[in-house]
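J.: Below is a structure I'd like to ask you about.
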Amino acid sequence: MNKILITGCNGQLGRALNRLLEGKQGITLINTDVDTLDICDLEQVQKRMEAERPDTVINCAAHTAVDKCETDQENAYRINAVGPRNLAIAARKVGAVIVQVSTDYVFAGDASRPYVETDKTSPQSVYGSTKLEGEKFVQQENEKFFIFRTAWLYGEGNNFVRTMLRLGEEVLAGKRDRITVVSDQVGSPTSALELARMMLHVVPQGEYGIYHATCEGDTSWYEFAREIFRQAGMDVDVVPVTTDEYPAQAKRPAYSILENRRLNQMGSYRMKDWKDALTEYMEERKEQ
Ligand SMILES: NC(=O)c1ccc[n+]([C@@H]2O[C@H](COP(=O)([O-])OP(=O)(O)OC[C@H]3O[C@@H](n4cnc5c(N)ncnc54)[C@H](OP(=O)(O)O)[C@@H]3O)[C@@H](O)[C@H]2O)c1
């Protein structure tokens, strides 16, 4: 892994990878985002790939607005399915590995135990089904593939942690009474930095395939919010509500815990517990 082309470099994961890779000896980084490389344009992707000839392509680009995907299905399919397909084809032609990032939303979310990599997929939303199509294309088009399924991602960008901190400030300033957060959906909050570390550990080992990649442990959105305020030292009232009381356009999995079975069987890297990863994130924010 010497010459790496990153797509969607300004997104949360793209930025986290950059923090870890920038200035690293022996690594040439080619950073692209939609303004410099639109992954939906096969001709553009192939030309760029042939000009740069990377050995690894990490696709951090996606249509991640889950509710918007429901009404913007064509774009969701283009970005989440056709884009990865284009990258996988172009990567294959130059002999590069394709690294795709996927989601817990490829599962139905009605299991009674954590999902492992080989479990049956059954997406319940446009976002989930287009991401699953992306997974399938990547596997079909390039045998040198990695797919990392992650969940509840937060890093540098818009995410749940930032939203809670902003709403919490509003409560403390008297502009809002309280915050209501869904308590009947559980998952594993995952720091983009920790995901990036894990990916950069696994990819050089060349063991292609699908990996679940979430921080260890699980929680509900409600408990996650409470932990954010606890760690931030903010005395903010959080009220639990049910999914039915908080309607959204896209259906969310009620239970979307992923077990990092393959990673933990490898035994050389264990992802941080979600609370520890949150502590690292909060401490870095304080320093900024
Ligand atoms: N966020 C989560 O909670 C979460 C959960 C599970 C899995 N994931 C997956 O994890 C990966 C990283 O997510 P993230 O949160 O880092 O995403 P993000 O912050 O939304 O970043 C996505 C990036 O892709 C860019 N992009 C959009 N369309 C593009 C196109 N046609 N060509 C090139 N770039 C394009 C976006 O640019 P613009 O901003 O200009 O559109 C943005 O810079 C994605 O595959 C996502 O599906 C995320």
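J.: Take ARG92 and decide whether it is under 30 Å from GLY187 (Cβ atoms), of a type in the set (Lys, Arg) and surrounded by fewer than 24 Cβ atoms within 10 Å (Cβ to Cβ).
T.: So ARG92 does not fit the description; no.
J.: Right, another one. Tell me the residue from ARG166, ARG197, ARG226, ARG178 that is among the basic types (Lys, Arg), farther than 30 Å from GLN139 by Cα and surrounded by 14 or more Cβ atoms within 10 Å (Cβ to Cβ), please.
T.: On the way: ARG166 fails: surrounded by 14 or more Cβ atoms within 10 Å (Cβ to Cβ); ARG197 fails: farther than 30 Å from GLN139 by Cα; ARG178 fails: surrounded by 14 or more Cβ atoms within 10 Å (Cβ to Cβ).
Sole residue among the options that is among the basic types (Lys, Arg), farther than 30 Å from GLN139 by Cα and surrounded by 14 or more Cβ atoms within 10 Å (Cβ to Cβ): ARG226.
J.: Filter the range 160-199 down to residues that are without any contact (Cβ under 8 Å) to a residue 12 or more places away in the chain and within 11 Å of the ligand (Cβ to nearest atom), then give me how many there are.
T.: Qualifying residue count, the range 160-199: 0.
J.: Further, regarding this structure: Return the pair list, or none, for Cβ contacts closer than 6 Å from residues in the range 53-65 that are within 15 Å of ASN18 (Cβ to Cβ) to residues that are modelled with pLDDT under 95, at least 6 apart or on different chains.
T.: Hits for this filter: THR56/MET1.
J.: Run ALA248 past the list (1) surrounded by fewer than 19 Cβ atoms within 10 Å (Cβ to Cβ); (2) closer than 23 Å to GLY128 by Cβ; (3) touching a Lys or Arg at 6+ places or on another chain (Cβ under 7 Å); (4) of a type outside the set (Val, Ile, Thr) and report the number of the one that doesn't hold.
T.: For ALA248, the failing item is (3).
J.: With respect to ASN75, is the statement that it is closer than 27 Å to ASN18 by Cα and without any contact (Cβ under 8 Å) to a residue 24 or more places away in the chain true? Outline the logic, then answer.
T.: Details: closer than 27 Å to ASN18 by Cα: yes; without any contact (Cβ under 8 Å) to a residue 24 or more places away in the chain: yes.
Answer is yes for this residue.
J.: Can you pull out the residues in the range 117-162 that are buried (at least 18 other Cβ atoms within 10 Å of the Cβ) and at positive phi?
T.: Result: TRP152, single match.
J.: From ASP110, ASP104, grab the single residue that is farther than 24 Å from ASP38 by Cβ and crowded, with 19+ Cβ neighbours inside 10 Å.
T.: ASP104
J.: Which numbered condition trips up THR242, out of (1) β-branched (Val, Ile, Thr); (2) under 26 Å from THR71 (Cα atoms); (3) crowded, with 17+ Cβ neighbours inside 10 Å?
T.: (3)
J.: Which of the residues spanning the range 11-37 are in contact (Cβ under 8 Å) with a residue 40 or more places away in the chain and not aliphatic (A, V, I, L, M)?
T.: As a first pass, look at the range 11-37 and keep what is in contact (Cβ under 8 Å) with a residue 40 or more places away in the chain: 11-17, 19-21.
Once the filter is applied, which keeps residues that are in contact (Cβ under 8 Å) with a residue 40 or more places away in the chain and not aliphatic (A, V, I, L, M), the range 11-37 yields GLY11, GLN12, GLY14, ARG15, ARG19.
J.: Being closer than 21 Å to ILE210 by Cα and not in a loop (DSSP other than H, G, I, E, B) narrows it down to one residue among ARG262, ARG285, ARG230; which is it? Show your work before the answer.
T.: Details: ARG285 fails: closer than 21 Å to ILE210 by Cα; ARG230 fails: closer than 21 Å to ILE210 by Cα.
From the options ARG262, ARG285, ARG230, the qualifying one is ARG262.
J.: Could you please find all residues in the range 70-120 being among the hydroxyl-bearing types (Ser, Thr, Tyr), farther than 30 Å from ARG48 by Cβ and not in a helix (DSSP H, G or I)?
T.: The answer is SER112, TYR115, THR118.
J.: In addition: Name the single residue, out of those in the range 22-51 being closer than 24 Å to HIS201 by Cβ and within 15 Å of the ligand (Cβ to nearest atom), that is surrounded by the most Cβ atoms within 10 Å (Cβ to Cβ).
T.: THR32
Conditions (1) at pLDDT below 95; (2) farther than 25 Å from VAL106 by Cβ; (3) part of a loop (DSSP other than H, G, I, E, B), marked per residue:
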residue: CYS40; (1), (2), (3): no, no, yes
residue: GLU43; (1), (2), (3): no, yes, no
residue: GLN46; (1), (2), (3): no, yes, no
residue: GLU50; (1), (2), (3): no, yes, no
residue: PRO54; (1), (2), (3): no, yes, yes
residue: ILE58; (1), (2), (3): no, no, no
residue: ALA62; (1), (2), (3): no, no, yes
residue: LYS68; (1), (2), (3): no, no, no
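J.: Additional query: Of the residues LEU17, LEU29, which single one is more than 17 Å from GLY157 (Cβ to Cβ), out of contact with any Phe, Trp or Tyr (no Cβ under 8 Å at 6 or more places or on another chain) and not in a loop (DSSP other than H, G, I, E, B)?
T.: LEU29
J.: Another question, then. Quick check on the range 200-216. Is at least one of its residues of a type in the set (Ser, Thr, Tyr) and either part of a helix (DSSP H, G or I) or more than 16 Å from PHE145 (Cα to Cα) (or both)? Reasoning before the result, please.
T.: Taking the range 200-216 as the starting set, the residues that turn out to be of a type in the set (Ser, Thr, Tyr) are 208, 211, 214.
If we keep only those that are either part of a helix (DSSP H, G or I) or more than 16 Å from PHE145 (Cα to Cα) (or both) as well, we get 214.
Among the residues of the range 200-216, at least one is of a type in the set (Ser, Thr, Tyr) and either part of a helix (DSSP H, G or I) or more than 16 Å from PHE145 (Cα to Cα) (or both), which makes the answer yes.
The values are calculated or read from the model by the stated rules, or taken from the named source; none is laboratory data. Here the structure is a predicted model, which is why all the values come from computation and not from measurement. Cβ: placed from backbone, ideal geometry, glycine included. Neighbour counts: every protein chain shown.
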